[in-house]
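Throughout, read-outs are computed from the coordinates displayed, never taken from laboratory work. In this text the structure is predicted, and so the values were computed from the model without any measurement. Every residue, glycine as well, gets a Cβ built from its backbone with ideal geometry; the counts of neighbours run over all protein chains shown.
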Amino acid sequence: MRDPFPIPAIPALSRAVEPLAERLGMSTLPVHIHEVIGAALLYTFIQVVVSPVLSARLFPKYYPVHNRAKKANWDTHVVSLFQSLLINALALWVMFADEERKAMDFEQRVWGYTGACGLIQALAAGYFVWDLGITLLNLDIFGFGLLAHAISALAVYTFGFRPYLNFYSPIFILYELSTPFLNIHWFFDKLNMTGSKPQLYNGIALLVTFFLCRLVWGTYQSAVVYVDMWHSLTRTPSPEYIAAAFADPLTASDPDTNPMFFSSDPQPVPIWLTVVYLASNLTLNALNWHWYVKMIAAVRKRFEPPKPGKREPLPAEPVPVSAKASAVESKAGVATRHRRTSSIAIEDVVPDTEELREGTIQ
């Protein structure tokens, strides 16, 4: 399928990146470099301009204008929310509309390429370019843990420009289906809506989508890609297969119709590359299961009724106050306890959006 990105490649930019792409063995990078840079600039614009302006106008009482750390955290959540909605919609569309991708066999799943899958790859890489930049500029806020995450994610995504496992780029992007609900949960807390019914409903949606897209879908697709990765270590497309792929002169020189256009002489996948992808995927899947177990424990803790016979601890000796003030405080205490028991309250165990960013191997 042809790359649906509305802005064509910039020849001068493609030529400028060709030496680096050739040195790194990333033959499709010059085709998509303008999308990588464009995505990084878009996310930067949202973080620097769109989020501060809209947030201060829509939420003047809550947007932390004067606190640099809180403001940076708020703005990055806005970018994360936008990015997850955009990339999810595009990935689903590519999976249903890209006919060349649907017809891919083993050889094309590993060494093949389509322009639409390349776009998903480029937009994800552009997001992690932005992620790396904002982390470096605010290292005192985000810390070295997120810096390591940004570097690792960007490195893994750029390997897809070899091309390698291009077929799977929209598949593993769908880990992000739970991210909008995670960001919304975070914003509910900042808007003093902790324990509200909207946060409860959003929390249920978060648990369901997290389970389905990260645990069920992600684990199954990981097993599928492991099989392809294993076979790619010792098996390459035969000369007859390559000859057949380039036999038709009408499609042989067109990357939009010939999935093997960038792999006319495919080599066995290096062991180091397989190990990097395998380790990354196993780590992220393990973290997803770990986080989900803690999320379930937190939900049970909030909704479990008190054990029979268990009494509330006696309150500390109160400071003398007026009868009117005592009544007000008593009502406030009841309201607070009611809000906490009706809250899904998983913010204490669910990692921030930055920690649940793209859990893909691509």
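Here is how the numbers come out for the structure above:
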| read-out | value |
| --- | --- |
| Between segment 208-254 and segment 1-65, the Cα center-to-center distance that results, in Å | 27 |
| Extension gain, Trp272 back to Ala243 (0.36 nm per residue minus Cα-Cα distance, nm) | 7.6 nm |
| Net charge contributed by nearby residues that have their C-beta within less than 13 Å of Thr28 (K/R +1, D/E -1) | -4 |
| Contour minus Cα-Cα distance for Glu18 and Ala252 (0.36 nm per residue) | 82.1 nm |
| Exposure proxy order (Cβ contacts within 10 Å, fewest to most) of Glu240, Glu107 | Glu240, Glu107 |
| Distance (nanometres) between label positions extended 7 Å along Cα→Cβ at Asp189 and Ala69 | 1.4 |
| Cβ-based exposure ranking for His66, His32, His290, in which fewest neighbours within 10 Å come first | His66, His290, His32 |
| Residues Thr158, Thr44 arranged by fewest to most Cβ contacts within 10 Å | Thr44, Thr158 |
| Inter-site label distance for Trp289 and Val48 at 7 Å from Cα along Cβ, in nm | 4.3 |
| Value of relative contact order over segment 1-158, rounded to a whole percent, pairs C-alpha under 8 Å and six or more apart | 32 |
| Distance between modelled label sites at Arg2 and Asp105, nm, 7 Å Cα→Cβ extension | 2.8 |
| Three-way shape label, segment 1-108, alpha-carbon gyration tensor, a/c 1.5 | prolate |
| Sites Ala297 and Ile141, calculated FRET efficiency, Cβ-Cβ separation with R0 35 Å, nearest 0.05 | 0.75 |
| Global geometry of segment 125-220, whether rounded, prolate or oblate, following the gyration tensor of its Cα atoms and the 1.5 cut on a/c | oblate |
